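I have placed the structure first, in the form of structure tokens, so that the comments after it can refer back to it.
The values are calculated or read from the model by the stated rules, or taken from the named source; none is laboratory data. This is a predicted model, so every value here is computed, not measured. Positions of Cβ are backbone-derived with ideal geometry, glycine not excepted, and every protein chain shown enters the neighbour counts. Just the protein is used for accessible areas: all its heavy atoms, side chains included, with ligands, DNA and RNA removed. Shrake-Rupley method; radii C 1.70, N 1.55, O 1.52, S 1.80 Å.
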Amino acid sequence: MLDWAGRLIPYPADVVETYRSAGLWGTLPIGAEFHEVAVGQGSRTAVVAEEGRLTYAELDEVTDRLALGLADLGLVAGDRVVVQLTNRLHSVVAWYGLLKAGLIPVCTLAAHRAHEIGPISRKVGAVAHLVESNPSGFDLVAFAFEQRVGHPTVRHVLTAGSLAGTPIEHLIRDSDPVLARERVAEIQAAIDPDEIACFQLSGGTTGTPKIIPRLHAEYWYNARAYAEAGGWDQDTRTAHLIPIIHNAGITCGLHAVHSVGGTLVLGTAVLDQALPVLAREQATDVLIGHGHYTIVDHPLFADAVASMKKVVLSGAKVPERVFDAFEDRGIRVGQMFGMGEGFFAMSTATSTRRARLTTVGVPTSPHDEFRVLEPGTEVDLPDGTTGELACRGPYTIRGYFDAPDVNAGAFTSDGYYRTGDLVAVTTHGTERSISVEGRLKDLISRGGEKVSAEEVETLLLHHPRITAAAIVAMPDERLGERACAYLVATGAPLTMAEVQEHLNSLSLAKFKWPERLEWITEMPRTPVGKLDKKALHHDIVAKVAGGDRSAGG
Ligand code: AMP
């Protein structure tokens with residue numbers, strides 16, 4: 001076991017024993033789990049994207065070779081690698097290559113910038129930064145080189161689709177497949193399955209994202225449980241359009257489908273690009289995030305779902321119109337609720353239509369435990385009452401990485417993770433199903449991407465002319481929510497361009513920038529003098545409902 005010096009909160013030993021003896025947690029690290037499946041699947045397709053496809057045998061070999069190349073570069077098991085890749089074939093190769101070399105991927109988004117990447121890569125002590133060439137026109141390679149300057153631990157800039165830095169294509173090309181297999185087997189044999197496999201980022205509410213440590217055995221089980229709940233097998237062809245190097249991408253896409261020997265149909269978030277791939281590859285399953293609910297109105301919708309058997313909708317209340325558009329084509333529609341911290345709920349094969357339409361289903365593992373608590377307490381609420389969801393189980397973290405202060409408030413005294421989500425439980429047939437009713441945490445869910453209000457407010461206040469700032473969720477038909485900033489200025493209000501220029505100068509990822517500005521003379525306060533965000537939220541909801549698109553762009 002690596003020495004995390006108190007930065008990793010382990011599962012209690014007796015709990016690990018229970019999960020392992022129940023057959024939930026395995027005994028292999030993820031790289032070895034994948035290899036075992038690949039050996040059995042050989043010439044079947046493991047992954048297909050717009051730019052190509054790989055069988056299991058090919059993916060297994062190419063990732064062995066990448067792992068050897070990484071090891072020859074001097075990277076050793078336990079080294080952390082910040083990953084900024086999009087939904088491309090090379091991202092799947094990179095993922096298993098890193099894991100097979102025993103390296104720990106740090107899953108950030110290609111959209112993250114210095115404000116996010118700098119503190120995260122320092123906190124985990126990253127030794128390498130893996131980026132792709134120019135996703136959406138931004139020079140990520142140049143960015144990675146800039147980030148390395150003065151960084152205490154980063155030694156390598158690894159690249160995909162670029163000749164700069166150390167291209168992973170060269171590492172693959174230069175390594176011998178037989179030697180690679182031997183070396184990977186050696187590295188994998190030395191990895192404890194209860195060791196950290198990767199880091200995910202929390203869709204958190206703090207100044208910078210919290211870091212979620214995921215362990216080999218529980219993370220692979222998380223995916224197996226998801227595949228089992230979905231009734232998947234080796235004939236499943238799962239399409240995934242939302243970021244793959246993100247918790248839902250890895251768990252519900254990559255690992256889940258590979259745990260059963262099926263095919264990952266990897267699409268990009270751009271429907272015009274992704275839907276022809278779904279149609280061509282006859283995808284059978286897909287997870288649709290809120291940002292893609294408009295798929296039902298897309299001209300390629302009918303072709304893309306012609307072979308679809310099951311669709312899982314996730315991210316916000318599901319409009320019946322969207323539900324019906326799938327169901328009318330004979331596709332089974334359900335919902336899913338999940339998080340980087342672990343816990344997943346999902347509709348089952350026997351969930352009633354009403355449960356599938358109005359709830360996110362039931363926990364995916366029989367060993368999942370959850371409580372609905374009166375907010376701020378450890379008092380359990382009866383079914384039917386809205387309260388905070390707290391959960392514990394075989395794939396839910398026991399603590400954020402290196403965050404004792406946050407952990408003190410984020411878990412109950414008996415180790416349940418407080419999700420900050422408001423839920424209620426209702427019974428449908430034999431199922432106690434969970435419905436999401438709101439949230440306690442102060443964030444905006446922009447098409448599934450989380451924006452911490454506090455993070456953006458703090459940066460806005462760095463501007464010399466902004467004296468107060470409050471970020472609230474503004475309803476949006478396409479993305480569910482967007483960020484609206486209520487601001488108080490000294491002197492004349494700033495233009496949208498000036499605010500954007502300010503946030504850009506602070507290197508904040510663009511998806512977090514407010515998309516509407518409301519200038520006010522003072523912040524509303526509650527009777528006890530606290531900022532009244534509810535009043536601001538009501539104000540923007542009314543303005544949007546009234547068709548007011550004027551203020552501040
Ligand atoms: P992430 O870790 O980025 O996947 O975000 C997890 C959070 O997304 C949860 O704690 C919820 O706040 C939100 N979330 C996930 N699934 C759903 C859903 N089906 N409905 C509403 N919110 C959801």
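For the reader, a short list of remarks on this structure follows.
- Part-to-part distance (alpha-carbon centres) for the range 314-339 and the range 364-400, which is given in Å: 24
- Residue 412 contributes about 10 Å² of solvent-accessible surface, heavy atoms of the protein only, 1.4 Å probe.
- Part-to-part distance (alpha-carbon centres) for the range 137-168 and the range 489-553, which is given in Å: 35
- Separation in nanometres of the label points that stand 7 Å from Cα toward Cβ, at residue 51 and residue 208: 3.0
- Of the GluC sites (Glu not before Pro) found in the range 1-75, those in coil by DSSP whose Cβ has at most 14 other Cβ atoms within 10 Å are 51.
- Overall, the accessible surface of the chain at a probe of 1.4 angstrom is composed of carbon and sulfur to the extent of 53 percent.
- Added length on full extension, which subtracts the Cα-Cα distance from 0.36 nm per residue, residue 327 to residue 510: 62.3 nm
- Percent of beta bridges antiparallel (DSSP, the chain, rounded to nearest 5): 55
- Residue 458 accessible area, 1.4 Å probe, all protein chains in place, Å² to nearest 10: 70
- Accessible surface, 1.4 Å probe, highest first, among residues 317, 534, 210: 534, 317, 210
- Reachable lysines, given that their alpha-carbon falls under 20 Å from the alpha-carbon of residue 123 and they are not under 8 places away in the same chain: 210
- For residue 543, the lysines whose Cα falls under 28 Å of its own Cα, not counting residues fewer than eight places away in the same chain, are 317, 441, 450, 510, 512, 530, 533, 534.
- Of the listed residues 323, 337, 138, the order by accessible area with a 1.4 Å probe, largest first, is 138, 337, 323.
- Rounded is the label for the chain, because a/c, from the alpha-carbon gyration tensor with a ≥ b ≥ c as root eigenvalues, stays below 1.5.
- Ordered by solvent-accessible area of protein heavy atoms (1.4 Å probe), largest first, the residues 548, 297, 285 come out as 297, 548, 285.
- Mean Cα-pair separation over length for the chain, i.e. relative contact order, pairs under 8 Å, 6 or more apart, %: 12
- Placed amide H near residue 532: partners under 5 Å, 5+ positions off or other chain: 525, 526
- Solvent-accessible area per residue for the chain (1.4 angstrom probe, square angstrom): 39
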